[in-house]
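**Student:** What follows is a single structure, and I will ask about it in a moment.
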Amino acid sequence: MARNKIALIGSGMIGGTLAHLAGLKELGDIVLFDIAEGTPQGKALDIAQSAPVEGFDARMSGANDYSAIEGADVCIVTAGVARKPGMSRDDLLGINLKVMEQVGAGIKKYAPNAFVICITNPLDAMVWALQKFSGLPKNKVVGMAGVLDSGRFQHFLAEEFNVSVEDVTAFVLGGHGDSMVPLARYSTVAGIPLPDLIKMGWTTKEKLEAIIQRTRDGGAEIVKLLKTGSAYYAPASSAILMAESYLKDKKRVLPCAAHLSGQYGVKDMYVGVPCVIGEGGIERVIEIELNKTEQKAFDSSVAAVAGLCEACIAIAPNLK
Ligand code: A3D
């Protein structure tokens, strides 16, 4: 059987990490694409030379022409600019929207049957624009944010409780950014919800609130430390998990920025919700019941995303 083809559009910090991870996991042959000449070719060659050492078989190539992504099964998009200290994700909108227009046209022409995972920020608006620019089916274009936000939440919880990260599940809804909605009552340690763990004396309400805030600020904390860019290891791992669920039809239930057409009362927007990812792309959006506080937080997150979509339309009226 022929190997899957994975196209990485953007070969910067996340793109390179994605290529290495996809190779290590033997998910398929990998094409790195970028506008910067030499960068995708150099990274492809470097990673290809790690293959005999690590013992994986995957063809790696780099390109500056979209024709190289032809027939890709999965496209992961990181093209654009990343945050520097002091910048918000929203500051990237103008530049990255133009990049999404080019990327959308490239995917439409050369990989119209691909499952497309967008990572470029501001995520919820960029994935929305990318779907429109590419014209691909809405269930085949998805944004990565929830897996990363949940991963951050899980990491901090596992540290707080001194338990394995494998026994912590975390549930995060809403847009990627300051308005994300970590849901404590759906987040557990081995099935025990966080509010019960407070009752059991494992932590306090105040400590949990501090962890939730640190999760919300998780990206900014790393930007401040790195000074020259933003997080890339965990974002790459998160997108690979989504790609793997699609390619292997695993039907994982993962929080993703998915297109909503009425679910949660939201129309024609991408917002973070739990989804099933399988061979059909986003096969199902899971609608959970929210209590009043959660609904309020979700609504304000949706309003923040709607504002970003309006800002996109102001720049590119054809998105309407
Ligand atoms: P970086 O290392 O700068 O890589 C971006 C790459 O895109 C560079 O190699 C550029 O040359 C390339 N590029 C720029 N314009 C184009 C274009 N028109 N066509 C093709 N390639 C182009 O950034 P990074 O890899 O660290 O981050 C990539 C994106 O992911 C940024 O927008 C980040 O803000 C975003 N990001 C999102 C998350 C989420 O959780 C959603 C997390 C971390 C980073």
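The values are calculated or read from the model by the stated rules, or taken from the named source; none is laboratory data. As the structure is a computational prediction, the values presented were derived from the model and not from experiment. As a convention, Cβ positions derive from the backbone with ideal geometry for all residues, glycine included, and neighbour counts pool all protein chains shown. Areas reflect the complete protein model, heavy atoms only, side chains present, ligands, DNA and RNA absent. Shrake-Rupley method; radii C 1.70, N 1.55, O 1.52, S 1.80 Å.
**Student:** Considering only residues that are open to solvent by 60 Å² or more (accessible area, probe 1.4 Å) and either within 16 Å of the ligand (Cβ to nearest atom) or of a type in the set (Asp, Glu) (or both), which ones fall in region 46-57?
**Tutor:** 46, 54, 57 - these are the residues of region 46-57 that are open to solvent by 60 Å² or more (accessible area, probe 1.4 Å) and either within 16 Å of the ligand (Cβ to nearest atom) or of a type in the set (Asp, Glu) (or both).
**Student:** Consider residue 153 against the criteria (1) within 16 Å of residue 271 (Cβ to Cβ); (2) within 16 Å of the ligand (Cβ to nearest atom); (3) crowded, with 21+ Cβ neighbours inside 10 Å: it satisfies all of them except one. Which criterion is unmet?
**Tutor:** (1)
**Student:** Moving on to the next point. Quick one: count up the residues across region 153-169 that are in contact with a strand residue (DSSP E or B) (Cβ under 7 Å, 6 or more places away or on another chain), without any contact (Cβ under 8 Å) to a residue 24 or more places away in the chain and of a type outside the set (S, T, N, Q).
**Tutor:** Final tally of qualifying residues: 3.
**Student:** Given the conditions (1) at negative phi; (2) assigned to a loop (DSSP other than H, G, I, E, B), and given that residue 75 satisfies all but one, which numbered condition is not satisfied?
**Tutor:** The single condition residue 75 does not satisfy is (2).
**Student:** Related question: Sort out which residues of region 274-309 are surrounded by 13 or more Cβ atoms within 10 Å (Cβ to Cβ), assigned to a helix (DSSP H, G or I) and charged (D, E, K, R), and write them in order of number.
**Tutor:** 294, 299
**Student:** Then there is this: If you check 61, 11, which single one turns out to be within 16 Å of the ligand (Cβ to nearest atom) and open to solvent by 30 Å² or more (accessible area, probe 1.4 Å)?
**Tutor:** Every option except 61 fails the conditions.
**Student:** Restricting the search to region 120-132, which residues are farther than 15 Å from residue 93 by Cβ and within 14 Å of the ligand (Cβ to nearest atom)?
**Tutor:** Result: no residue meets the conditions.
**Student:** Okay, next question. Show the residue pairs meeting these rules: Cβ distance below 6 Å; 6+ apart or different chains; first residue within region 15-35 and part of a strand (DSSP E or B); second residue away from the ligand (no atom under 15 Å from the Cβ).
**Tutor:** 29/3; 29/5; 29/58; 29/59; 30/6; 30/58; 30/60; 31/61
**Student:** Can you tell me how many residues in region 234-253 are assigned to a loop (DSSP other than H, G, I, E, B) and touching a residue at least 40 places away in the same chain (Cβ under 8 Å)?
**Tutor:** Residues that pass the stated criteria total 0.
**Student:** In region 79-93, what count of residues is obtained for those that are open to solvent by 30 Å² or more (accessible area, probe 1.4 Å) and either modelled with pLDDT of 95 or more or not hydroxyl-bearing (Ser, Thr, Tyr) (or both)?
**Tutor:** Adding up the residues that qualify gives 9.
**Student:** Quick one: in region 217-234, which of the residues that are modelled with pLDDT of 95 or more and near the ligand (Cβ under 9 Å from one of its atoms) is farthest from residue 17 (Cα to Cα)?
**Tutor:** Among residues in region 217-234 that are modelled with pLDDT of 95 or more and near the ligand (Cβ under 9 Å from one of its atoms), the one farthest from residue 17 (Cα to Cα) is 222.
**Student:** When region 104-119 is examined, which residues are found to be within 11 Å of the ligand (Cβ to nearest atom) and open to solvent by 10 Å² or more (accessible area, probe 1.4 Å)?
**Tutor:** 105, 119
**Student:** Residues that are more than 8 Å from the ligand (Cβ to nearest atom) and either out of contact with any helix residue (DSSP H, G or I) (no Cβ under 8 Å at 6 or more places or on another chain) or under 20 Å from residue 244 (Cα atoms) (or both): does region 76-84 have at least one?
**Tutor:** Within region 76-84 (the criterion being more than 8 Å from the ligand (Cβ to nearest atom) and either out of contact with any helix residue (DSSP H, G or I) (no Cβ under 8 Å at 6 or more places or on another chain) or under 20 Å from residue 244 (Cα atoms) (or both)), the answer is yes, since at least one residue qualifies.
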